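Visitor: Here's a structure for you.
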Amino acid sequence: MIIRMAKVEIVGPKQDLLAALDLLHNRGIFQPDPQLLERVELARDDRLNTHVLNEHELHERSYFQNLYERVSTLLELLPETTDAISPLQSLPVMDLVDELVDQHLEKVREQDRILTDYRKEVEDQQRDLAFWQALEPLLADLPQDSNLELLGITIRDARQLQALEELLQQRTGGRCHISSTTTTDGALIGLVATDRQTAGNLHQALTDERIPEMSLPAEFANLTLAERIAALHERLKTATANCRRIETQLLELSHRWRPVYRRALVWLEERLTLYRATATAYTTRLCFIIQGWMEQAEVPGLQIDLSQAFAGRVVLEQLAILEEDLDQVPVMLRNPGYFAPFEILSRLLPLPKYSSYDPTPLLGLFFPVFFGMILGDIGYGLILLIISVFLAKRFAPQQLASDIGKVLGVASLYTIFFGFLYGELFGNLGETWLGLHAYWFDRGKDILPMAVFALTVGVVHILLGITLGALADLRRHQPRKALLKLAMLIVVLLSILAVVSWLYPQSWLNTGPLLIGVAILMPVMIAAEGLLAPLELLKTMGNIISYVRIMAIGFSSVLLAVVANRLGGMSGSIMVGILVATMLHAFNLLLGVFAPTVHALRLHYVEFFSKFLDLGGRRFEPWHKRPS
Amino acid sequence: MEKVWIAFAAALAIGLPAIATAWAQSRIGAAGAGTLAEKPELTGVIIILVAIPETMVILGFVVAAMILLM
């Protein structure tokens with residue numbers, strides 16, 4: 001249901017504004033609405049203006065803003081830890097934070113810079129090492145000659161290897177040898193061997209062709225390949241150890257100071273929120289005024305809290321909700337026990353307006369019935385009941401899964417109930433094995449009676465919708481609209497009775513007078529609502545006919561179940577038959593969950609709710625403290 | 001011969017709305033997929049929107065069943 005809201009005005013001395021805002025922020029039950037004051041006569045008074053911070057407050061806000069930014073930067077640089085937020089009192093800690101944050105920021109920035117350098121060095125060493133280690137096996141194929149110059153190159157495209165080899169042979173007069181391999185990360189690399197006299201030509205050729213050579217630190221130049229690899233290993237070990245050392249230092253600092261800085265950041269955030277919130281207040285020379293919304297039931301409690309906290313200086317007064325306020329009243333939905341899980345279905349729609357209805361209780365009443373009417377099978381119902389109990393128990397802490405389980409549970413009970421009425425257990429299996437028979441309709445045969453029943457359900461549902469729409473119009477003080485809806489209701493009823501009397505003539509039901517009634521009311525409706533009135537009537541008839549889907553989808557579900565049983569029986573083998581029937585029934589059950597859900601919802605959202613629900617309400621979003 | 005015409009009429013009664021529904025659902029489905037890329041919270045609404053044109057094929061199915069059975 002839609003919770004009853006109160007429009008309230010809080011008034012007090014100007015110097016208590018921040019403290020009053022803090023109290024409201026802590027209670028988390030009040031939503032300020034500065035636009036309320038703009039609309040009233042009071043705002044035209046020159047003495048009433050939006051609150052502007054004084055010099056001291058501006059200075060304080062600027063100081064806190066600056067501190068907030070420094071603490072945020074520090075927390076971004078410090079490594080994450082799982083330490084809980086510090087329980088220290090915020091305000092006394094703030095001076096210490098202000099003193100220390102710059103020192104810590106400088107230290108952490110420096111360590112972060114060093115760490116970045118070390119990490120880059122580790123990356124480079126790892127790449128070099130992978131390169132030279134991959135080349136090591138190629139070295140075994142080369143003659144041991146001190147006159148030999150070895151160059152490592154990276155080859156971008158494997159298809160160009162042949163052309164590269166020919167080019168280098170040409171530039172060095174055939175005095176080089178190239179062999180290739182791939183590194184552990186998949187890059188293609190090559191080892192070019194030549195004599196020291198030709199090395200200059202080779203370097204030039206590689207430069208001309210823009211082929212990257214693997215460069216090494218100068219001190220490695222005279223080392224053999226095995227020595228180079230050992231030296232690179234040693235360098236990598238040192239760089240990695242340096243990284244670890246700096247990371248440990250940063251982590252230690254983080255363990256020690258992060259909880260304190262997080263506490264400070266939360267406090268600063270709240271404080272700055274309060275300064276921003278002052279923009280929602282209006283002030284005179286001496287007083288402040290805040291208007292907004294809160295739950296009606298919470299008003300007395302907040303009145304007492306304000307009175308105690310400010311010794312009666314700040315007062316809360318409840319104001320009347322005017323007709324022009326109705327579209328602005330924020331909406332909060334809250335439903336008791338049985339209906340609460342059905343909010344997962346009503347949340348698919350935008351919020352209703354305050355003067356409209358909460359669709360949740362109506363969904364709670366009708367959705368499971370429609371679901372049961374469509375699926376209507378004892379076997380499927382029992383399986384769904386087991387699934388729903390599992391969902392509700394196993395996922396109890398997870399609200400969504402638990403709610404789905406509860407809704408499915410209620411729907412499955414109705415499925416079992418209608419299954420008894422239709423005499424269905426896995427289609428016609430109950431009739432064949434257990435002698436079950438239909439107490440009401442045999443859906444496989446009684447197509448027309450079932451269609452008439454579905455349409456009757458539609459008539460009742462739609463007429464209820466029109467009645468609720470008329471009542472909502474009365475609540476909004478729009479009697480003309482309410483009367484039109486009432487006329488529509490009578491015309492629909494008379495039209496349906498006329499069709500019934502034509503199809504099934506009864507001595508007590510004459511078509512003539514019914515049509516005369518329609519003929520009298522239609523011009524009245526056209527005069528009141530224009531040419532849209534007949535269209536609205538046609539639309540309503542279309543809405544009612546749409547309910548025939550209750551029969552149609554149910555009928556297709558029965559036929560699928562019967563087909564599953566017949567195919568299972570035709571296989572000639574008990575095991576294969578059971579397997580085939582189980583698979584088809586599982587498929588039918590899957591459809592049997594999806595189709596009734598979607599179509600029962602569609603009947604509500606499109607057909608039923610369009611008759612009375614006014615959507616587009618504002619969500620009630622009170623000020624509240626962010627959980628730390 | 002009459003049975004052939006009855007069967008043909010029933011086939012038309014469900015076949016044509018089925019094509020119309022498929023076409024409408026393909027358009028709504030494509031638009032819905034685009035919407036969901038930006039607003040995943042509209043999943044429920046999109047499912048309902050995709051189901052709306054099914055009215056055509058459902059009514060076609062009812063008419064076809066009545067042609068065959070009455």
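Visitor: If a residue counts only when it is charged (D, E, K, R) and modelled with pLDDT under 90, which helices (runs of 4 or more DSSP H) contained entirely in the stretch A:1-97 have at least 3 such residues?
Guide: Details: elements: A:17-27, A:34-39, A:55-77.
The helices (runs of 4 or more DSSP H) meeting that bar are A:55-77.
Visitor: Among the residues of the stretch B:29-62, which ones are surrounded by fewer than 17 Cβ atoms within 10 Å (Cβ to Cβ), assigned to a helix (DSSP H, G or I) and modelled with pLDDT of 85 or more?
Guide: Passing the criteria: B:G29, B:A30, B:A31, B:A33, B:G34, B:T35, B:L36, B:A37, B:E38.
Visitor: Given the criterion over 24 Å from A:I544 (Cβ atoms), within 11 Å of another protein chain (Cβ to nearest Cβ) and touching a helix residue (DSSP H, G or I) at 6+ places or on another chain (Cβ under 8 Å), identify the matching residue among B:T43, B:T55. Spell out how you get there, then give the answer.
Guide: Working: B:T55 fails: over 24 Å from A:I544 (Cβ atoms).
Only one candidate passes the filter, namely B:T43.
Visitor: Is there any pair with a first residue in the stretch A:207-236 that is modelled with pLDDT of 75 or more and a second that is loosely packed, with under 14 Cβ neighbours inside 10 Å whose Cβ atoms are under 9 Å apart and which are 6 or more apart or on different chains, and what are they?
Guide: Between residues of the stretch A:207-236 that are modelled with pLDDT of 75 or more and residues that are loosely packed, with under 14 Cβ neighbours inside 10 Å, the close pairs are A:I211/A:R156; A:P212/A:R156; A:E213/A:T207; A:A231/A:P217; A:A231/A:E219; A:R235/A:P217.
Visitor: Condition check: surrounded by 13 or more Cβ atoms within 10 Å (Cβ to Cβ), under 19 Å from A:V548 (Cα atoms), small (G, A, S) and more than 12 Å from every other protein chain (Cβ to nearest Cβ). Does B:A18 satisfy that?
Guide: Judged against the criteria, B:A18 is a match.
Visitor: OK, next. For A:I416, state whether it is part of a helix (DSSP H, G or I) and free of Cβ contacts under 8 Å to residues at least 12 places away in the same chain. Spell out how you get there, then give the answer.
Guide: Details: part of a helix (DSSP H, G or I): yes; free of Cβ contacts under 8 Å to residues at least 12 places away in the same chain: no.
Spelling it out, it is not the case that A:I416 is part of a helix (DSSP H, G or I) and free of Cβ contacts under 8 Å to residues at least 12 places away in the same chain.
Visitor: Within the stretch A:528-548, how many residues turn out to be in a helix (DSSP H, G or I), more than 14 Å from chain B (Cβ to nearest Cβ) and farther than 10 Å from A:M488 by Cβ?
Guide: From the stretch A:528-548, those in a helix (DSSP H, G or I) are A:528-529, A:532-548; that's our starting set.
Those still in the list that are more than 14 Å from chain B (Cβ to nearest Cβ) too: A:528-529, A:532-538, A:540.
Still in the running and farther than 10 Å from A:M488 by Cβ: A:528, A:532, A:534-535, A:538.
Qualifying residue count, the stretch A:528-548: 5.
Visitor: Report, by residue number, each residue of the stretch A:341-359 that is touching a Ser or Thr at 6+ places or on another chain (Cβ under 8 Å) and more than 14 Å from every other protein chain (Cβ to nearest Cβ).
Guide: Initial filter on the stretch A:341-359 (touching a Ser or Thr at 6+ places or on another chain (Cβ under 8 Å)): A:341-343, A:345-346, A:358-359.
Within the stretch A:341-359, A:P341, A:D358 qualify.
Visitor: Here's something else I'd like to know. Say we look at the stretch A:126-155 and pick out the residues that are at pLDDT 75 or above and not in a helix (DSSP H, G or I); which of these is farthest from A:T182 (Cα to Cα)?
Guide: A:L151
Visitor: Still on this structure, I have one more. Just to verify a result, which residue in the stretch A:587-608, among those that are within 11 Å of chain B (Cβ to nearest Cβ) and of a type in the set (A, V, I, L, M, F, W, C), is nearest to A:H461 (Cα to Cα)?
Guide: Looking at residues that are within 11 Å of chain B (Cβ to nearest Cβ) and of a type in the set (A, V, I, L, M, F, W, C), I get A:L603.
Visitor: Another question about this same structure. Going by the conditions given, is A:S346 in contact (Cβ under 8 Å) with a residue 40 or more places away in the chain, touching a helix residue (DSSP H, G or I) at 6+ places or on another chain (Cβ under 6 Å) and small (G, A, S)? Spell out how you get there, then give the answer.
Guide: Values: in contact (Cβ under 8 Å) with a residue 40 or more places away in the chain: no; touching a helix residue (DSSP H, G or I) at 6+ places or on another chain (Cβ under 6 Å): yes; small (G, A, S): yes.
Judged against the criteria, A:S346 is not a match.
Visitor: Right, here's the next one. When you look at A:G572, is it farther than 25 Å from A:L615 by Cα, part of a loop (DSSP other than H, G, I, E, B) and away from chain B (no Cβ under 14 Å), yes or no?
Guide: Numbers: farther than 25 Å from A:L615 by Cα: yes; part of a loop (DSSP other than H, G, I, E, B): yes; away from chain B (no Cβ under 14 Å): yes.
It is true that A:G572 is farther than 25 Å from A:L615 by Cα, part of a loop (DSSP other than H, G, I, E, B) and away from chain B (no Cβ under 14 Å).
Visitor: Moving on. Tell me which residues, restricted to the stretch A:438-456, are surrounded by fewer than 20 Cβ atoms within 10 Å (Cβ to Cβ) and either among the charged types (D, E, K, R) or modelled with pLDDT of 95 or more (or both).
Guide: Across the stretch A:438-456, the qualifying residues are A:D442, A:K445, A:D446.
Visitor: If you don't mind, another one. Tell me, yes or no, whether the stretch A:363-383 has at least one residue that is in a loop (DSSP other than H, G, I, E, B), within 14 Å of another protein chain (Cβ to nearest Cβ) and either more than 28 Å from the chain's Cα centre (by Cα) or closer than 21 Å to A:L591 by Cβ (or both). Talk me through it step by step, then tell me what you get.
Guide: Taking the stretch A:363-383 first, the residues in a loop (DSSP other than H, G, I, E, B) are A:376-377.
Still in the list and also within 14 Å of another protein chain (Cβ to nearest Cβ): none.
No, that holds for no residue.
Visitor: On the given criteria, is B:A13 away from chain A (no Cβ under 14 Å) and either in contact (Cβ under 8 Å) with a residue 12 or more places away in the chain or assigned to a helix (DSSP H, G or I) (or both)? Spell out the reasoning first.
Guide: On the way: away from chain A (no Cβ under 14 Å): no; either in contact (Cβ under 8 Å) with a residue 12 or more places away in the chain or assigned to a helix (DSSP H, G or I) (or both): yes.
Answer is no for this residue.
Visitor: Out of A:V580, A:V524, A:V562, which single residue is touching a residue at least 12 places away in the same chain (Cβ under 8 Å), more than 26 Å from A:L362 (Cβ to Cβ) and in contact with a strand residue (DSSP E or B) (Cβ under 8 Å, 6 or more places away or on another chain)? Before you say what the answer is, go through the steps one by one.
Guide: Details: A:V580 fails: in contact with a strand residue (DSSP E or B) (Cβ under 8 Å, 6 or more places away or on another chain); A:V524 fails: in contact with a strand residue (DSSP E or B) (Cβ under 8 Å, 6 or more places away or on another chain).
Of the residues listed, the single one that is touching a residue at least 12 places away in the same chain (Cβ under 8 Å), more than 26 Å from A:L362 (Cβ to Cβ) and in contact with a strand residue (DSSP E or B) (Cβ under 8 Å, 6 or more places away or on another chain) is A:V562.
Visitor: Follow-up. Looking at (1) within 12 Å of chain B (Cβ to nearest Cβ); (2) under 25 Å from A:V460 (Cα atoms), which is the only condition A:L559 fails?
Guide: Going through the list (1) within 12 Å of chain B (Cβ to nearest Cβ); (2) under 25 Å from A:V460 (Cα atoms), A:L559 breaks only (2).
The values are calculated or read from the model by the stated rules, or taken from the named source; none is laboratory data. Here the structure is a predicted model, which means the values were calculated and not measured. No Cβ is skipped: glycine too gets one built from the backbone with ideal geometry, and neighbour counts run over all protein chains shown.
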